[in-house]
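Just below is one structure, and these are the notes that go with it.
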2 protein chains.
Amino acid sequence: MDRERVKYVLDEKEMPQYWYNVLADLPEPLPPALHPQTKEPIKPEDLTALFPMELIKQEVSTERYIEIPDEVLAILRLWRPTTLYRARRLEKALKTPAKIYYKYEGSSPPGSHKPNTAVAQAYYNKKEGINRITTETGAGQWGSALAFAGACFDIEVKVYMVRISFDQKPYRREMMRVWGADCIPSPSYQTKSGRNVLAKEPDCPGSLGLAISEAVEEAVSRDDTHYSLGSVLNHVLLHQTVIGQESKKLLEKIDEYPDVIIGCVGGGSNFAGMFLPFIKDKIDGIHPGLKIISVEPASCPTLTRGPYCYDYGDEAGMTPLLKMFTLGHGFIPPPLHAGGLRYHGMAPIICHLLNLGLIEARAVNQLDTFQAGIDFARSEGIISAPEANHAIRVTIDEAIKCRETGETKTILLALSGHGHVDMAAYQAYFSGKLKNYDYPQEKIQEALHSLPKV
Amino acid sequence: MDRERVKYVLDEKEMPQYWYNVLADLPEPLPPALHPQTKEPIKPEDLTALFPMELIKQEVSTERYIEIPDEVLAILRLWRPTTLYRARRLEKALKTPAKIYYKYEGSSPPGSHKPNTAVAQAYYNKKEGINRITTETGAGQWGSALAFAGACFDIEVKVYMVRISFDQKPYRREMMRVWGADCIPSPSYQTKSGRNVLAKEPDCPGSLGLAISEAVEEAVSRDDTHYSLGSVLNHVLLHQTVIGQESKKLLEKIDEYPDVIIGCVGGGSNFAGMFLPFIKDKIDGIHPGLKIISVEPASCPTLTRGPYCYDYGDEAGMTPLLKMFTLGHGFIPPPLHAGGLRYHGMAPIICHLLNLGLIEARAVNQLDTFQAGIDFARSEGIISAPEANHAIRVTIDEAIKCRETGETKTILLALSGHGHVDMAAYQAYFSGKLKNYDYPQEKIQEALHSLPKV
């Protein structure tokens, strides 16, 4: 009879009071972001039309710890600290000697890790007197998180949602409305970028790149409006480090330290939030053997097959140039269901660490990820988001390896959110409509052509 | 700056080890269930085709505490104990001196309180060698909970889902599939009851009563199969008492005791699970002023407008006769979105307590409940299920009364689940397609005609 503990939670009073900034501890500095026109390192004043100064400072800060404002903590406390689970039933089902822990971010109001940064971004905007924010969203995880954060600070939020998702995935759109955000399909007639596209293609299904262009255009053109991004940038990763800090503290209390940390990556913020608070131990040689595995879709293989070079963050080339592994800003990923992983680039911090050999990357096929998610749900109960299923896939693979080698490794899995709003994806899987997508070598060559010259 | 605590959780070790059985403490005994044919008090052996003996015993037991088996606790621990929240942001938004606490059951894998009993029922069936269970489901909360419980104990689960919900609410159907259950639309060609209806009406949208008939018919006709019910019966309410026990223990730790307990009622199990562990204090005169308010839809006003008499639990009249407030087993509720509250009857325990004047009942309109849910989401973050919005409505009303009278009442709200799978209902609300439904006096007269003679 298993009466051993399966959940570990910090007391509310033990919540992290600081974000951890890895820029303080990198063995080599991060290559700077470049201005899209001049291609010179970008200056803080170049970004003030989009972001509040506090976030711009955080983007380049090298302070190791940045204090979390009380007003942000007051909101985070609605669902944080989050639970660390020991996956005892999954371990048994796999007959593995490995110990599997997972930190679950699905208990937040929108059901993912995204509000960890949305709340902070909304707060700093409000503090600077900004009462209106635009953003884009694909499947709607980020849009719903920012809508929630807007409700917390009485900020008007306008979300440009990729039209095909707006039509096909109405649930997250309605969540945004519940929290009071204005969610419209992109391309729209409300921006020049949108009108240009619609003139040529009235039924255009939209793309994330185009939605970014619309959101940025509106923010730049209105003094009362800023723009907000849900991943990729340094300050976004910074805000997510509460995940890893909580995990580390909880594991310490039970005398555990992970041998392997696993997470899925789209822009990279959830996984970075988990592993960054551990990586100093590896850099400093305290835990040199720590394996950090980022998992991406085989059909959007940014880290495993893209080159490492400067590229734009958006399709239209309006954003600063970031040094990253990239499939080219013109790359349109196939319609895989893990919408949060359909991005041509990756957070510069993750790319830099991969380039330095401090983390590794693995690509997995869509069908394998859904099977992993189903296996997980049948033992642990939680139905996870299609994005998180990528991390579960590799976790199961590693646990099976341990069964074969007899190693009692400790695996720490970053479980970014629940899949209750993504059941259409599971439906497609069960009905046999899902498939794996190829990413042929020619496409990588094409991607190289679309890269900007720096 | 609000840095006061908003969440209270028991340690895993403090989880209730016993269910609380109110039958031990009733001032008058509960009227017995009657055999549908003989109309004599039902005997345990009349129920063995449907339920395992342990559950039949629990149905009539007058032991005050019934031990929760270790195997059940091992599963409950995947998400229990659940969190008690202090709704500080809602209190502020309402400018009320009232203290509002809510116990949230949305963190379970299926997102509601239902698995508290589904897990226990699956366990006792398994223990008796039963590997197959049928059940019915409307919107899918119960079906998904039993599917999850089936996955935990390796039991085949077959769910007859009301066809209109099967077609219109695919998300919960897919959740059932993820956990391995077989979910088919009702009416089906797999039972006599289903075929009879389809012969007359091939496009029949189905009803909960009919789905019960199909599930019961299959269970009765197969030796290897039992049937499971998600509310109404005594043993179901018993299993839900972990909710109230946890709440009581947490409130004791902070020297609080509720003045008012509020919950929504369909069959009544969630709310009973919350208030039953408190009601002995009222019966014994320790807290004589404790107000216990059950909230139902104005369009399905079982407790507020139905007569108190014997009626069948299902439309076809196959189940035992239960003494309850009822709108008549032939009553078909209007298509309100709180599917879990569309039931003609009510748990006999709740009806008995209402009849004794120990609890009270209130009916609210659909549109008012959605507005309450939105107000709640914008301050507390959580988007709650349409059912739970009924309880939120009355909680807000009571808190506003406190603002007017200046009373600092302590309100305890039973929040049964999240609404992430019910966003279509919110969509209907925002688009103006939702309305209130009338329940005219003539219908009550009609209902009285359909009641069986006892």
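The figures follow:
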{"read-out": "Scan of the range B:185-208 for residues that are among the polar types (S, T, N, Q) and under 29 Å from the mean Cα position of the chain (by Cα), ordered by number", "value": "B:SER186, B:SER188, B:GLN190, B:THR191, B:SER193, B:SER207"}
{"read-out": "Matching residues in the range B:439-454 - criterion: being part of a loop (DSSP other than H, G, I, E, B) and at pLDDT below 80", "value": "B:TYR439, B:PRO440"}
{"read-out": "Residues located in the range B:126-160, provided they are within 14 Å of chain A (Cβ to nearest Cβ) and part of a strand (DSSP E or B)", "value": "B:GLU156, B:VAL157"}
{"read-out": "Check on B:TYR426, part of a loop (DSSP other than H, G, I, E, B), open to solvent by less than 20 Å² (accessible area, probe 1.4 Å) and touching a residue at least 40 places away in the same chain (Cβ under 8 Å)", "value": "no"}
{"read-out": "The range A:337-390, subset of a type in the set (D, E, K, R) and surrounded by fewer than 23 Cβ atoms within 10 Å (Cβ to Cβ), residue farthest from the other protein chains (Cβ to nearest Cβ)", "value": "A:GLU360"}
{"read-out": "Failed condition for B:GLY267, given (1) touching a strand residue (DSSP E or B) at 6+ places or on another chain (Cβ under 9 Å); (2) buried (at least 18 other Cβ atoms within 10 Å of the Cβ); (3) in a loop (DSSP other than H, G, I, E, B); (4) not acidic (Asp, Glu)", "value": "(1)"}
{"read-out": "Cβ pairs under 6 Å, 6+ apart, first in the range A:48-77 and within 14 Å of another protein chain (Cβ to nearest Cβ) and without any contact (Cβ under 8 Å) to a residue 24 or more places away in the chain, second surrounded by fewer than 19 Cβ atoms within 10 Å (Cβ to Cβ) and among the aliphatic types (A, V, I, L, M)", "value": "A:ASP70/B:MET1"}
{"read-out": "Residues within the range B:412-430 that are more than 14 Å from every other protein chain (Cβ to nearest Cβ), more than 18 Å from B:GLU296 (Cβ to Cβ) and touching a helix residue (DSSP H, G or I) at 6+ places or on another chain (Cβ under 6 Å), tallied", "value": "0"}
{"read-out": "Subset of the range B:88-103 [out of contact with any Ser or Thr (no Cβ under 6 Å at 6 or more places or on another chain) and at the interface with another protein chain (Cβ under 10 Å from one of its Cβ atoms)]", "value": "B:ARG88"}
{"read-out": "Which numbered condition A:LYS39 misses (of (1) among the basic types (Lys, Arg); (2) within 14 Å of another protein chain (Cβ to nearest Cβ); (3) exposed (fewer than 15 other Cβ atoms within 10 Å of the Cβ))", "value": "(2)"}
{"read-out": "Residue within the range B:128-138 that is surrounded by fewer than 24 Cβ atoms within 10 Å (Cβ to Cβ) and touching a Pro at 6+ places or on another chain (Cβ under 8 Å) present", "value": "yes"}
{"read-out": "Any hit, the range A:310-333, residues being touching a residue at least 60 places away in the same chain (Cβ under 8 Å), part of a loop (DSSP other than H, G, I, E, B) and among the acidic types (Asp, Glu)", "value": "yes"}
{"read-out": "Residue under evaluation B:ALA211, criteria (1) within 20 Å of the chain's Cα centre (by Cα); (2) within 14 Å of another protein chain (Cβ to nearest Cβ), criterion not met", "value": "(2)"}
{"read-out": "Condition met for A:LYS13 (open to solvent by 30 Å² or more (accessible area, probe 1.4 Å) and modelled with pLDDT of 95 or more)", "value": "no"}
{"read-out": "Flag if B:GLU404 is more than 14 Å from chain A (Cβ to nearest Cβ) and over 29 Å from B:GLY306 (Cα atoms)", "value": "yes"}
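So that you can scan it fast, the table gives a plain yes or no per residue for (1) part of a strand (DSSP E or B); (2) surrounded by fewer than 21 Cβ atoms within 10 Å (Cβ to Cβ):
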{"residue": "A:LEU251", "(1), (2)": "no, yes"}
{"residue": "A:GLU256", "(1), (2)": "no, yes"}
{"residue": "A:ILE261", "(1), (2)": "yes, no"}
{"residue": "A:GLY273", "(1), (2)": "no, no"}
{"residue": "A:ASP281", "(1), (2)": "no, yes"}
{"residue": "A:GLY289", "(1), (2)": "no, yes"}
{"residue": "A:ILE292", "(1), (2)": "yes, no"}
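The values are calculated or read from the model by the stated rules, or taken from the named source; none is laboratory data. Keep in mind it's a predicted model, so treat the numbers as computed, not measured. Cβ coordinates were reconstructed from backbone atoms using ideal geometry, including for glycine residues, and neighbour counts include every protein chain displayed. Ligands, DNA and RNA are stripped out before the accessible areas are found, and what is left, the full protein with its side chains, is counted by its heavy atoms. Shrake-Rupley method; radii C 1.70, N 1.55, O 1.52, S 1.80 Å.
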